[in-house]
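*Asks:* Let me give you the structure first, and then I'll get to my questions.
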Amino acid sequence: MFCLAVPQPIAAKVFDYLYIDASEGNASGGHVAVRFGDAVFHYQHVDHGLIRLIKNDLADFEFLYRYRQNRSIYLSRIKVSEAAYTLLRDHMIAQTLLQDQQFSLLDKLQQDRALLRWLRDGNTKSAAAAPLRLAAAGLFYSQNAFTATLWNKTGVLPEAGSIVTMRQEIGRRYGRDFLQRRKDDMVRRIRQLTPSAWDAGRLSSPVDRKAPGGYAFAERYQDLLTAVLALQVLQDARPLRADAVIESSDAALGLNAEEIDRLRQLRQQLRKSLLQLVDSKRPDWGYGVLVDMARLIVVDKSIRSGRLLAVDIFADDSPAIGPETAEKYAAELQMQLADALRDLTREKTELQRRHAYGERDYSYLERAVNRYVELLRGLHAGRAMRLTGERLLPVRSIALPRLVTPALTDRQISMALRRVDGFEARYLQQLWQRYRYNLLTRNCVTELFRTIQNAFAEHRGAGALAETQPGEVVRREVRSNLGGYVDPLPLNFIPFLSYQAVQSQYHTAGSQKLPSYRLGRLEQLYARENAVWVALREGNTLSSTLYKYNAEDSFFVFFTDDTVLLRPFYGAVNTMAGVAESLFGLLALPFDAGKTLKSGVVGILMSLPELAFFNMRKGTYRYLPEQPLALVGQYGETDKNLFQAPDIKPSALPSRRAELLNSPQNPPR
């Protein structure tokens, strides 16, 4: 029988098994992942008590866990043949895509139910309570723009010249009454919409196969109504909302003649795209029209003004920080601003360099403008600033306006709701059978090993293992290709024990500790300053220059991630600090809804393991630049990204503070 690799194969490739240190919150047991090239795969606990496979870009994964969350990463490089590497990587990708499709079906069910209830309730609820939103409609319409019917304009708005020109081109191409005919057709389709069937009988196939989906009722309604609003914008030549435009007088946004010439080319592409979209057969063409019209307006204005403008691409729920927080983290935010300026400069260079400059390229320039101006406004004008939430396409939305609705009777709506509820209950049962999270038997470790085993099982025609233990044939296949077999039960379901098992069982080419952000910075300070002084100053949160307390962390006094000998003593102090904060939280309970009390209780829970020499809490860094290595660069040193190293050498960065305290390094356990 064909075997993917013979015993002790000649290793042509390596993939990494990653163990991420424990941390505060839901990461108290640590985390694991596998890396194939620039892709990292790991399981996460999600809604409905389920666990699913997630694929992240390597740079994003490292930035989140190693830098923002301040957690050291331990990697073990596993030697495999080219065939085994390809099999495992492709299986991980296929499982990610399959689960994306399976879990998106839950979203469709929830959206259909929400829309049906909204239709059933009629006008008893305000528009603000509408369950769904129309993406990009918020670029042109405010939520209160629909006090009357759509066809009666509310107020007098100046026409957008760019849209007037576009409207004329559409009239010449398709006829003067095209927009009205197209809109009437969309309204007719909305009136004729019927709810999705959601036949639970279609769920007889195993959940490991593609789930039934299709174009759901809520999706169809959203797309059609978005198209109606897009056509109305064209008919009215409605201008962009003022707050949907990102602009600044900063010199970095000035345009030279060559850049303006490239924008003229882009403007022609946008016009061509709009001419095609308004008569497109694709279901989401209305969203595309709104985005292209918004971009056409700002590109046209950029050309005329000689200054680069952009459409606001931040998501509706992007968190913002106020001036007080900005002042506290001024140094970090200034570094973010410097990063943003470098990104903007690079994208403007691309604008000049590329002769074929398209909308995809413009998306990156648009994002760079948004990020730079947002930081500039926050730091120099004292405004609230959004630090995360940028998208590659504008998404500003509005809640569903009650303009035109499907012609459904109350009985039809009630029957549709019962079908949705029945389908979802049965589908969730299937998902629970396969993906239901369990701390001991189905967590981020067990599912990762099960996915690896399934790759070899399916290759041998044994099918997915699901809950069953692999047979001896599959075990032999795993041993043949990986050098050994790791059973996640009874104890290897614990992340750091699984890491040790991988090192002892699989063919490995070495291991490495990638120190957390704080530990890496400490090494630099030890190399530059008096070691005793650094240990005393940086060992606590009160005098540390590397850490500033933020609301995501519970209050604590001493860091314990770089010392073992004094960890119980520091843990006792941290426990007392948590008790003190909890007592204060009781007094503040009527004023802060229990926020301080909760923080104190969490602080106690995170400190108690330190009494037994186990570290969880490390402190987090919310406002690091996207390129945290720039922070290292300011000391004139290089923090090598070891993920990119072709060869992994043994030994982790030594802890100078641990040496001073006569204590061994703290390995993953």
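*Asks:* Looking at (1) in a loop (DSSP other than H, G, I, E, B); (2) closer than 30 Å to Leu341 by Cα; (3) open to solvent by less than 60 Å² (accessible area, probe 1.4 Å), which is the one condition that is false for Ser249?
*Replies:* In the conditions (1) in a loop (DSSP other than H, G, I, E, B); (2) closer than 30 Å to Leu341 by Cα; (3) open to solvent by less than 60 Å² (accessible area, probe 1.4 Å), Ser249 misses (3) alone.
*Asks:* Restricting attention to the stretch 47-82, which residues are open to solvent by less than 20 Å² (accessible area, probe 1.4 Å), under 30 Å from Gln433 (Cα atoms) and in contact with a helix residue (DSSP H, G or I) (Cβ under 6 Å, 6 or more places away or on another chain)?
*Replies:* Across the stretch 47-82, the qualifying residues are Leu50, Ile51, Leu53.
*Asks:* Kindly establish whether Gly463 is at pLDDT 90 or above, of a type in the set (Gly, Ala, Ser) and surrounded by fewer than 20 Cβ atoms within 10 Å (Cβ to Cβ).
*Replies:* No: the conditions fail for Gly463.
*Asks:* Can you tell me which of (1) out of contact with any Asp or Glu (no Cβ under 6 Å at 6 or more places or on another chain); (2) at pLDDT 90 or above; (3) surrounded by 19 or more Cβ atoms within 10 Å (Cβ to Cβ) is the one Phe456 doesn't meet?
*Replies:* Just one mismatch for Phe456, condition (1).
*Asks:* Any residue in the stretch 138-167 that's open to solvent by less than 30 Å² (accessible area, probe 1.4 Å) and at pLDDT below 85: show its pairings with residues that are basic (Lys, Arg) and not in a helix (DSSP H, G or I) at Cβ separation under 9 Å, as long as the two are six or more apart or on different chains.
*Replies:* Ala160/Arg238
*Asks:* Okay, moving on. For residues that are small (Gly, Ala, Ser) and either under 29 Å from Arg52 (Cα atoms) or open to solvent by less than 20 Å² (accessible area, probe 1.4 Å) (or both), tally how many sit in the stretch 402-436.
*Replies:* Qualifying residue count for the region: 3.
*Asks:* I need a count of the residues in the stretch 493-526 that are within 25 Å of Arg68 (Cα to Cα) and in contact (Cβ under 8 Å) with a residue 24 or more places away in the chain.
*Replies:* 21
*Asks:* Filter the stretch 527-558 down to residues that are over 30 Å from Tyr17 (Cβ atoms) and either in contact with a Pro (Cβ under 7 Å, 6 or more places away or on another chain) or not aliphatic (A, V, I, L, M) (or both), then give me how many there are.
*Replies:* 19
*Asks:* Could you pull out every one of the strands (runs of 3 or more DSSP E) wholly within the stretch 38-135 that has 2 or more residues that are aromatic (Phe, Trp, Tyr)?
*Replies:* Output list reads 39-46.
*Asks:* Please go through the stretch 555-581 and pick out each residue that is of a type outside the set (D, E, K, R) and in a loop (DSSP other than H, G, I, E, B).
*Replies:* Phe555, Phe556, Val557, Phe559, Thr560, Thr563, Val564, Leu565, Leu566
*Asks:* Next question, about the same structure. Go through the stretch 359-401 and count every residue that is open to solvent by 20 Å² or more (accessible area, probe 1.4 Å), closer than 21 Å to Gly254 by Cβ and of a type in the set (Ser, Thr, Tyr).
*Replies:* Selection size over the stretch 359-401: 1.
*Asks:* I'm trying to understand the selection: among the residues of the stretch 13-26, which are closer than 29 Å to Trp432 by Cβ and either in a helix (DSSP H, G or I) or touching a helix residue (DSSP H, G or I) at 6+ places or on another chain (Cβ under 9 Å) (or both)?
*Replies:* Within the stretch 13-26, Tyr17, Leu18, Tyr19, Ile20, Ala22, Ser23, Glu24, Gly25 meet the criteria.
*Asks:* Restricting attention to the stretch 533-552, and to residues there that are among the hydrophobic types (A, V, I, L, M, F, W, C) and open to solvent by less than 50 Å² (accessible area, probe 1.4 Å), which single residue is nearest to the chain's Cα centre (by Cα)?
*Replies:* Restricting to residues being among the hydrophobic types (A, V, I, L, M, F, W, C) and open to solvent by less than 50 Å² (accessible area, probe 1.4 Å), the top hit is Leu546.
*Asks:* Checking Ile78 against (1) in contact with a Phe, Trp or Tyr (Cβ under 8 Å, 6 or more places away or on another chain); (2) under 25 Å from Met616 (Cα atoms): exactly one of these is not met. Which one?
*Replies:* Here Ile78 clears every test but (2).
*Asks:* Looking only at the stretch 497-531, how many residues end up being open to solvent by 40 Å² or more (accessible area, probe 1.4 Å) and either on the phi > 0 side of the Ramachandran plot or out of contact with any Ser or Thr (no Cβ under 7 Å at 6 or more places or on another chain) (or both)?
*Replies:* The total comes to 11.
*Asks:* Take the residues of the stretch 309-358 that are β-branched (Val, Ile, Thr) and closer than 17 Å to Arg386 by Cβ: which is surrounded by the fewest Cβ atoms within 10 Å (Cβ to Cβ)?
*Replies:* Of everything passing the filter in the stretch 309-358, Ile321 is surrounded by the fewest Cβ atoms within 10 Å (Cβ to Cβ).
*Asks:* Looking at the structure I just gave you, is Arg120 charged (D, E, K, R) and open to solvent by less than 10 Å² (accessible area, probe 1.4 Å)?
*Replies:* The answer is no for Arg120.
*Asks:* Within the stretch 340-352, does at least one residue satisfy the condition of being under 21 Å from the mean Cα position of the chain (by Cα), closer than 17 Å to Ala244 by Cβ and of a type in the set (Asp, Glu)?
*Replies:* no
The values are calculated or read from the model by the stated rules, or taken from the named source; none is laboratory data. The shown structure was predicted, so the numbers you read here are calculated from the model rather than taken from an experiment. Cβ sites come from the backbone with ideal geometry, for glycine too, and all protein chains shown count toward neighbours. The protein model used for the area step is the full one, side chains on, heavy atoms only, and it has no ligands, DNA or RNA in it. Shrake-Rupley method; radii C 1.70, N 1.55, O 1.52, S 1.80 Å.
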